[in-house]
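Below: one structure, written as structure tokens.
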Amino acid sequence: MHTIGEAIGRPARWEEVPPDAVRDGLAAAFGDASFADHALDTWARFVEEPELVTSTVERVTGRPARTFREWASDHTDDFR
């Protein structure tokens, strides 16, 4: 959140939300309760086991992936 705050020029905060508070909304959005449960379990696991960084973006697009800072800077209007 610090990086997004820097990009928009003001502090941004993070609020932890329990999985049970969002499960029904995700199930409705995804159209599948088991998919929502799997997504929540996967996202929780990323806290201790982050996803591997790969070269897939560069192989597919022919150019290196942007950093999160670059992405946040490119999307400042989405956060305001």
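Every number here is computed from the coordinates shown, using simple stated rules; none is lab data. None of the values given here were measured: they were computed from a predicted structure. For neighbour counting, all protein chains shown are included, and Cβ atoms are generated from backbone atoms with ideal geometry for every residue, glycine included.
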Through the Karplus equation 6.51 cos²θ - 1.76 cosθ + 1.60, θ set to phi - 60°, convert the phi angles of segment 49-54 into ³J(HN,Hα) values in whole Hz; use x for Gly and Pro.
10, x, 4, 5, 8, 10
Of the listed peptides 20-33, 46-59, what is their order by residue-averaged count of other C-beta atoms within 10 Å, with the highest listed first?
20-33, 46-59
Relative contact order of the chain, defined on C-alpha pairs under 8 angstrom at six or more residues apart (%):
38 percent
